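A.B. asks: My questions all concern the structure below.
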Amino acid sequence: MGHMWSVLANPHRFLGFSRYAVPSAYSLGLILFAWSLYQALWRVPPDEFQGGDIMRGMFVHVPSAWLCMGLYLGLAVASFVWFIWRHELADVAARAIAPVGAAYTALCLATGSVWGKATWGTWWLWDDPRIMSVLVLFFLFLGYMALRAALETRQSAARAGAILAMIGAVNVPLIKFSVDIWASLHQGPSVIRAEGPALAAVYLHPLLIGFLGQGLLVSAMVLTLMRAEIFSQQADRLMARRLGGG
Amino acid sequence: MRAAPIRRSFVQAVMEAWSGGAGLLLPVGFFSGTAMLVPFALGSAPDVLSDIGPGMLWLALALASLVTLERVFQADLHDGALDLWVQEPAAISLVALTKTLAHWSVSGLPLVLLTPLYGLMFQVPPETTLPAMAAFGLGGLTFFLWGGVAAALSASVARGGLLIALLALPLYLPTLIFGGLTVKTGFEDSAFLFLLASTLFALGVAPPAMGAALRLAAD
Amino acid sequence: MQGHGLGAVRGERILFSGLNFTLGAGELVALRGVNGAGKTTLLRQLAGLSQPQAGRVDRAGRHHWISHNNGLKAHETPRRHLMHWARVWGSSAGIDEVLTMLRLKRPADVPCSLLSAGQKRRTALGRLLLEVRPVWLLDEPFNALDAEGQAWLGTLMTDHCARGGAIVAALHAAAPITPVREFTL
């Protein structure tokens, strides 16, 4: 693993590897995602306990919620790796993860809201700890992007972003715990617990395949943004050389 | 390590906060002004006031921390004092913590001391005054610590005010939840212990982050 | 003080790279270079304020740092500023004597926000007198000083080097002092 990391930490090797990884991840991800959608929309029976046909949205919503957490974890790990070892590629990864993470948290909130309208009868519920946790993640991603955008040089953006992402990551468990406490005091008995009984296998398989598909799509998006970032750095360097700066 | 640099950084920061904000007049005016608007915005029925009042004071405290801290590290960066502090052998994290404490004592502590008065104005039952003071004290301190991290990170950003708010507000959430519960339930409930724990957590984590951010700002 | 293979990058632009720098006792080194050449950046790397993107700096003993923004707080008076840093450094220098040498007796108790640029610069230079430190790192120290102030600072710097101290200063060619060595970026 250590060897693989050091191989990929080289931007040229990374460009070579990702050139094939990106299209493969996009195609495989699309196939798996399409299969899970097909299963979700036409094959699996509706679960009346989860609000009837609306529960088919689960196959998009639940994987997106898992991926939000995963993306923030990825941002924090990449930031940590950059902060300790100064692998340039780790910063490129952190920078690429943020917009994908923000988009995914927004998607998760939107699909959750639609589902909430059908099951709880309201678009938005401040008392639901999962909504609140994802909302906080959304703001953490936004803040990270805003901070990077506000700083002048790439070096200072990388350092400040890494500090912020690590501070956010150590706070996430505390935030999660506090909104759980908050929700436990406010949640009325009429609210339906979205987990319900343990998920039947007929739902579980499309769900896991869908998660895998979306995960591959997300990785492909992150890798694409990383490639774009490396190309733009190379272009900047060329430009600087033309201008006679170095 | 000698204590003089830390003591001096506290004195310098208190004098800076004091002279920059007309002493205690500014924070007291800020909290009182916010409190004055509440009945007009939300109605003056006693039960409404006692429900809403503490929440408004929490918001005032959060805003006070953000508004105060915006200038703290930015001023240090622009007048060159940050250069001098970063070169001191005393850890910059400790200096940053001291400065944050100094600004909290000028801009956050007045709310704690004025809580009994606001309690009267908002028809808050007298037995909750003491828990409320403790909650505003600990909560305000935590706000200033996380706000200090956000302010240190955006020290080099020209108009950092909005950015500081965006960075700090998600980190304020646990304190707000535990603090709000403490005002309601008093010391008996576990909410107070959680508030205390989150304050200690901030005391441990925020100073090194501020130190790292200030080193970056000075770079 | 020595710098080995120092490098600095701003954005994507390389300011300098593979730069070796040695400062010996009694030396007064003038940093020269066009605007934007990296004089301030090199000084800040020597001072330990900026992390070099490449290379390292070896320091022996502490140094004084005078930058173009003087390090004064708006509410501080010259007396308070000097007293503050004297206490931080545990120095026992007589503040009144230092103020006399700086010719700041009269505005000693005026807040810095009301002082002229030259008076602010004198106050900052006063830190050099609070504590004996072998190395002085000065960024355009003659800026904003009047003729009398420039002559005084020139003597102060020459005396420091004569006593075995060392100075690195970013200087214009017009500065009223003859460096031992010039270092052009």
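The values are calculated or read from the model by the stated rules, or taken from the named source; none is laboratory data. Owing to the predicted nature of the structure, the values given are computational and were not obtained by experimental measurement. Virtual Cβ from ideal backbone geometry, glycine too; neighbours counted across all protein chains shown.
A.B. asks: Answer with yes or no whether A:PHE177 is in contact with a helix residue (DSSP H, G or I) (Cβ under 9 Å, 6 or more places away or on another chain), without any contact (Cβ under 8 Å) to a residue 40 or more places away in the chain and more than 7 Å from chain B (Cβ to nearest Cβ).
C.D. replies: Spelling it out, A:PHE177 is indeed in contact with a helix residue (DSSP H, G or I) (Cβ under 9 Å, 6 or more places away or on another chain), without any contact (Cβ under 8 Å) to a residue 40 or more places away in the chain and more than 7 Å from chain B (Cβ to nearest Cβ).
Matching residues to (1) in a strand (DSSP E or B); (2) within 15 Å of C:LEU138 (Cβ to Cβ); (3) of a type in the set (A, V, I, L, M); (4) in contact with a helix residue (DSSP H, G or I) (Cβ under 9 Å, 6 or more places away or on another chain):
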residue	(1), (2), (3), (4)
C:LEU6	yes, no, yes, yes
C:LEU15	yes, no, yes, yes
C:GLY18	yes, no, no, no
C:PHE21	yes, no, no, yes
C:GLY24	no, no, no, no
C:ALA30	yes, yes, yes, no
C:GLY36	no, no, no, no
C:ARG44	no, yes, no, yes
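A.B. asks: Let me ask something additional. Can you tell me which residue among B:VAL149, B:VAL157 is among the aliphatic types (A, V, I, L, M) and crowded, with 24+ Cβ neighbours inside 10 Å?
C.D. replies: Selected residue: B:VAL149, the only one of B:VAL149, B:VAL157 that is among the aliphatic types (A, V, I, L, M) and crowded, with 24+ Cβ neighbours inside 10 Å.
A.B. asks: For the stretch C:69-96, give me each residue that is of a type in the set (Gly, Ala, Ser) and outside any loop (DSSP other than H, G, I, E, B).
C.D. replies: Residue satisfying the conditions is C:ALA86 alone.
A.B. asks: Going by what's in this entry, would B:LEU120 be described as free of Cβ contacts under 8 Å to residues at least 12 places away in the same chain, surrounded by fewer than 20 Cβ atoms within 10 Å (Cβ to Cβ) and over 19 Å from C:LEU49 (Cα atoms)?
C.D. replies: Taking the combined requirement at face value, the residue satisfies it.
A.B. asks: Which count do you get for residues in the stretch B:165-197 that are among the aliphatic types (A, V, I, L, M) and either on the phi > 0 side of the Ramachandran plot or touching an Asp or Glu at 6+ places or on another chain (Cβ under 6 Å) (or both)?
C.D. replies: Qualifying residue count, the stretch B:165-197: 0.
A.B. asks: Listed residues C:VAL34, C:VAL98; which is modelled with pLDDT of 90 or more, closer than 21 Å to C:ILE167 by Cα and of a type outside the set (Asp, Glu)?
C.D. replies: Residue meeting the stated conditions: C:VAL98.
A.B. asks: Among (1) closer than 26 Å to C:LEU130 by Cα; (2) buried (at least 19 other Cβ atoms within 10 Å of the Cβ), which single condition is C:LEU15 missing?
C.D. replies: (1)
A.B. asks: I need the full set of residues from the stretch B:203-219 which are of a type in the set (A, V, I, L, M, F, W, C), within 10 Å of chain A (Cβ to nearest Cβ) and either in contact (Cβ under 8 Å) with a residue 60 or more places away in the chain or more than 19 Å from B:PRO170 (Cβ to Cβ) (or both), in order please.
C.D. replies: B:ALA206, B:ALA209, B:MET210, B:ALA212, B:ALA213, B:LEU216, B:ALA217, listed by residue number.
Results for (1) within 12 Å of another protein chain (Cβ to nearest Cβ); (2) closer than 21 Å to B:PRO89 by Cβ, shown as yes or no for each residue.
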{"residue": "C:GLU76", "(1), (2)": "yes, no"}
{"residue": "C:ASP96", "(1), (2)": "no, no"}
{"residue": "C:LEU115", "(1), (2)": "no, no"}
{"residue": "C:GLN119", "(1), (2)": "no, no"}
{"residue": "C:ARG127", "(1), (2)": "yes, yes"}
{"residue": "C:LEU145", "(1), (2)": "no, no"}
{"residue": "C:GLY154", "(1), (2)": "no, no"}
{"residue": "C:THR158", "(1), (2)": "no, no"}
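Residue by residue, here is whether (1) closer than 20 Å to B:PHE31 by Cα; (2) touching a helix residue (DSSP H, G or I) at 6+ places or on another chain (Cβ under 8 Å); (3) among the hydroxyl-bearing types (Ser, Thr, Tyr) holds:
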| site | (1), (2), (3) |
| --- | --- |
| B:LEU114 | yes, yes, no |
| B:LEU120 | yes, no, no |
| B:THR129 | yes, yes, yes |
| B:ALA132 | yes, yes, no |
| B:GLY137 | yes, yes, no |
| B:LEU162 | no, no, no |
| B:LEU166 | no, yes, no |
| B:LYS184 | no, yes, no |
| B:SER198 | no, yes, yes |
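A.B. asks: Within the stretch B:179-198, work out how many residues are crowded, with 20+ Cβ neighbours inside 10 Å and closer than 16 Å to A:PRO173 by Cβ.
C.D. replies: Total meeting the criteria: 2.
A.B. asks: A further question follows. Does any residue of the stretch A:97-113 turn out to be over 20 Å from A:SER219 (Cβ atoms), in a loop (DSSP other than H, G, I, E, B) and in contact with a helix residue (DSSP H, G or I) (Cβ under 9 Å, 6 or more places away or on another chain)?
C.D. replies: no
A.B. asks: Among the residues of the stretch C:61-74 satisfying the criterion of being under 16 Å from the mean Cα position of the chain (by Cα) and modelled with pLDDT under 90, which is nearest to the other protein chains (Cβ to nearest Cβ)?
C.D. replies: Looking at the filtered set, the residue picked out is C:ASN69.
A.B. asks: Pick from B:GLY147, B:GLY119: which is modelled with pLDDT of 95 or more, within 20 Å of B:THR34 (Cβ to Cβ) and part of a helix (DSSP H, G or I)?
C.D. replies: From the options B:GLY147, B:GLY119, the qualifying one is B:GLY147.
A.B. asks: Oh, and also: Which of (1) of a type in the set (Ser, Thr, Tyr); (2) over 28 Å from C:LYS39 (Cβ atoms); (3) more than 13 Å from every other protein chain (Cβ to nearest Cβ) is the odd one out, the single condition C:SER91 does not satisfy?
C.D. replies: Status for C:SER91: all satisfied but (3).
A.B. asks: Further question: Can you tell which of B:LEU37, B:LEU130, B:LEU49 is surrounded by 18 or more Cβ atoms within 10 Å (Cβ to Cβ) and assigned to a helix (DSSP H, G or I)?
C.D. replies: B:LEU49
A.B. asks: Let me confirm something: among B:SER93, B:SER156, which residue is polar (S, T, N, Q) and within 14 Å of chain C (Cβ to nearest Cβ)?
C.D. replies: B:SER156
A.B. asks: Out of all the residues in the stretch B:179-202, is one or more β-branched (Val, Ile, Thr), facing chain A (nearest Cβ under 10 Å), outside any loop (DSSP other than H, G, I, E, B) and within 18 Å of the chain's Cα centre (by Cα)?
C.D. replies: Within the stretch B:179-202 (the criterion being β-branched (Val, Ile, Thr), facing chain A (nearest Cβ under 10 Å), outside any loop (DSSP other than H, G, I, E, B) and within 18 Å of the chain's Cα centre (by Cα)), the answer is no, since none of the residues qualifies.
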